[in-house]
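The values are calculated or read from the model by the stated rules, or taken from the named source; none is laboratory data. Everything numeric in this text was worked out from a predicted model, so none of it was measured. Note: ideal-geometry Cβ built from the backbone for every residue, glycine included; neighbour counts use all protein chains shown. SASA here: full protein model, heavy atoms, side chains in, ligands and nucleic acids out. Shrake-Rupley method; radii C 1.70, N 1.55, O 1.52, S 1.80 Å.
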Amino acid sequence: MSETTSPEMISFLQETISACQKAKQQLRLEGRKDESNFEQIRINVCEIWRAVDAAGSRQLEQTPEQYQHFLKERLDQLQHTWTNALNLARDHGDPEQSLIEQIKLSQLGEIRAVWQRDWKESK
């Protein structure tokens, strides 16, 4: 993660990934492959956010406000994309894909909440 990333976000992502990895392993041991795959989706969303943050931080000439604006745009873009995918899955009667998109949106919502709290505290 970048030096511009808050310690709270770093901790949140590390703890979430760790908890999801443990849950994923336990679910696999119990033969619950689908649920294990859902934990992997949560991990993937956290990893996507790490990549977004890294991309934002590489633009070194940004002010903190520009950096935060970049992150907000990416949060909104991901939410829009995954909401559209959820609606499409529902329209096609695909409950598995609908659940996957719901999991992605839920995890993104948790990331957004941490980001918003951090941004408000840094002002």
To the nearest 20 debye, the range 48-123 has a Cα-centred charge dipole, built from +1 on Lys and Arg Cβ and -1 on Asp and Glu Cβ, of 220
Charge tally for neighbours of E35 with beta carbon under 14 Å away, counting Lys, Arg as +1 and Asp, Glu as -1, is +2
Partner aspartates and glutamates whose C-alpha sits under 12 Å from that of K22, ignoring same-chain residues fewer than 8 away, are E39
Heavy-atom accessible area of the chain with neighbours in place, 1.4 angstrom probe: carbon+sulfur share in percent works out to 50
Using a 1.4 Å probe on heavy atoms of the protein chains only, the accessible area for H69 in Å², nearest 10, reads 110
So, relative contact order of the chain in percent, Cα under 8 Å, 6 or more apart, is 30
With Cα coordinates, the longest principal axis of the chain makes an angle with the long axis of helix 64-91, in degrees rounded to 10, of 20
Other residues with Cβ under 9 Å from the Cβ of C20 give, with Lys and Arg +1 and Asp and Glu -1, a net charge of +2
In terms of the charge dipole of the chain, which places +1 on Lys and Arg and -1 on Asp and Glu at the beta carbon, the residue among H80, T5, I17 farthest towards the positive end is I17
GNM of the chain, Cα pairs under 10 angstrom: of E39, E30, E96, the biggest fluctuation goes to E30
